[in-house]
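Everything on this sheet refers to the single structure shown next.
The values are calculated or read from the model by the stated rules, or taken from the named source; none is laboratory data. Since the model is a prediction, treat every value here as computed from it, not as a measurement. All Cβ positions, even for glycine, are placed from backbone atoms using ideal geometry, and neighbour counts span all protein chains on display. Accessible surface is based on the protein model in full, side chains and every heavy atom, while ligands, DNA and RNA are left aside. Shrake-Rupley method; radii C 1.70, N 1.55, O 1.52, S 1.80 Å.
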There are 2 protein chains.
Amino acid sequence: MNRIITIGREFGSGGRELGRRLSELLQFAYYDQEIVSEIAKRTSMSEAYVQQIVEHKPLMSFPISIGRSFYAGVNPIEQQTQAIYVEQHRIIKELAEKSDCVIVGRCADYILRDRHPFRIFVYADMASRMERCREKGPAEESLTDRELKQKIQSVDRNRAKYYEFYTGQKWGDRLDYDLCINTTKTSIKEIAPVLAKLWS
Amino acid sequence: MNRIITIGREFGSGGRELGRRLSELLQFAYYDQEIVSEIAKRTSMSEAYVQQIVEHKPLMSFPISIGRSFYAGVNPIEQQTQAIYVEQHRIIKELAEKSDCVIVGRCADYILRDRHPFRIFVYADMASRMERCREKGPAEESLTDRELKQKIQSVDRNRAKYYEFYTGQKWGDRLDYDLCINTTKTSIKEIAPVLAKLWS
């Protein structure tokens, strides 16, 4: 059976980088944005729209122009959100069938629970997460500390709501992970090879 | 600098066994009951009494770090509890100076924080912990499931109170550990060599 590593992560904890580095070191396939692209292709929705859905809490309101026409008793946004989740579910199962892999986010730990993935949760203190966000990209450069902290908390709140909606589990509850890794003041580049030993 | 691994653990999670096995595999010194024996020796209290103190919630009304005025009729139990903690603190610092080591419990993660130990927290779901308790010893054999569960919860409550009293930190808070390991349905004997790779 293929070896599957799923990574849940707090925003700014370096979980995505850890996943990517682990996959490179272990020569496992790596899936993250690829899943969004594939959903977009299969549902004929734009990648940006799919991204928005999978990064936000479910069933929230979007501009009417994005949705299809309203029919009595049917919420088109709800339908699209469900369709995206169903497609995501299918794609993740397919990918897990193909080869050893690392999958970041997307409720993959829950979706693949019958295949017993190794479930990692990556977290860090707020100061480290803010620092990592500032290093990562220009989008965060113009934010004040307070704004950045609010953004981090908001992203995590949405992740938690999304995860809880589709899994019925509390996002970040340690009992739903095999290993929880604290990346506070830690270089992901340095810890990835150490962690990779667990599979070598 | 010596490599130090500290292990906090839920009762029945196999944290002690994991610590012992890691120390054997890594050829690190292992300290657990040895600390209690040493405290007993140095304070001239019985080992059983020291054990009782360090496994129960503290009897003092204020954290040890807070200055207290002297007054007539100081509670002798409080004095002894404090003496035991002070001695434990001293012994743990001495042991960490001596060699690479694994220390189970005893607030060692906090006491040695200036030496940056690798801090592990071991946990598991209740069913696994109950099963492990039943396998471990005859003391739990006669208990009903309900009684055993209550015992586990009670031991953990006391550990939490003891830890919080002396460290000011919430016991089991993931931010105070580098790695949290879920031992639900896991054989400690099997995972110890895998984890030991992290230090090899």
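Applying the selection to the range A:117-162, what residues are assigned to a loop (DSSP other than H, G, I, E, B) and farther than 15 Å from A:N182 by Cβ? Selection gives A:P117, A:G137, A:E141, A:S142, A:L143, A:T144. One residue alone among B:L175, B:L195 is within 14 Å of chain A (Cβ to nearest Cβ) and without any contact (Cβ under 8 Å) to a residue 40 or more places away in the chain, and that residue is B:L175.
When B:E10, B:E47 are checked against the criterion of being over 22 Å from B:F121 (Cβ atoms), among the acidic types (D, E) and either touching a Cys at 6+ places or on another chain (Cβ under 7 Å) or at pLDDT 85 or above (or both), a single residue qualifies: B:E47.
Selection of the range B:12-30 for residues being open to solvent by less than 30 Å² (accessible area, probe 1.4 Å) and either among the basic types (K, R) or assigned to a loop (DSSP other than H, G, I, E, B) (or both) yields B:G12, B:S13, B:G14, B:F28. In the range B:147-163 there is at least one residue matching the filter, namely being under 29 Å from A:E10 (Cα atoms), more than 9 Å from chain A (Cβ to nearest Cβ) and touching a His at 6+ places or on another chain (Cβ under 9 Å).
Evaluating B:L112 against the criteria (1) more than 14 Å from every other protein chain (Cβ to nearest Cβ); (2) at pLDDT 95 or above; (3) open to solvent by 40 Å² or more (accessible area, probe 1.4 Å); (4) within 27 Å of B:M1 (Cα to Cα) leaves one unmet condition, (3).
In summary, B:G172 fulfils each of the numbered conditions (1) touching a Leu at 6+ places or on another chain (Cβ under 6 Å); (2) closer than 25 Å to A:L179 by Cα with the single exception of condition (1).
Considering each residue of the range B:79-109, count those that are in a helix (DSSP H, G or I), open to solvent by 10 Å² or more (accessible area, probe 1.4 Å) and of a type in the set (S, T, N, Q), and give that number. Count: 3.
Please determine whether any residue of the range B:173-182 is under 19 Å from B:G14 (Cβ atoms), of a type in the set (A, V, I, L, M) and modelled with pLDDT of 90 or more. Among the residues of the range B:173-182, at least one is under 19 Å from B:G14 (Cβ atoms), of a type in the set (A, V, I, L, M) and modelled with pLDDT of 90 or more, which makes the answer yes.
Those residues that are open to solvent by 50 Å² or more (accessible area, probe 1.4 Å), closer than 12 Å to A:R119 by Cβ and touching a Lys or Arg at 6+ places or on another chain (Cβ under 8 Å), I need them from the range A:154-200; list them, please. If the condition is that a residue be open to solvent by 50 Å² or more (accessible area, probe 1.4 Å), closer than 12 Å to A:R119 by Cβ and touching a Lys or Arg at 6+ places or on another chain (Cβ under 8 Å), then A:R174 is the only one that fits. Scanning the range B:126-150 for residues that are touching a helix residue (DSSP H, G or I) at 6+ places or on another chain (Cβ under 9 Å), open to solvent by less than 80 Å² (accessible area, probe 1.4 Å) and either aliphatic (A, V, I, L, M) or in contact (Cβ under 8 Å) with a residue 12 or more places away in the chain (or both) turns up B:M126, B:R129, B:M130, B:R132, B:C133, B:R134, B:A139, B:L143, B:L148.
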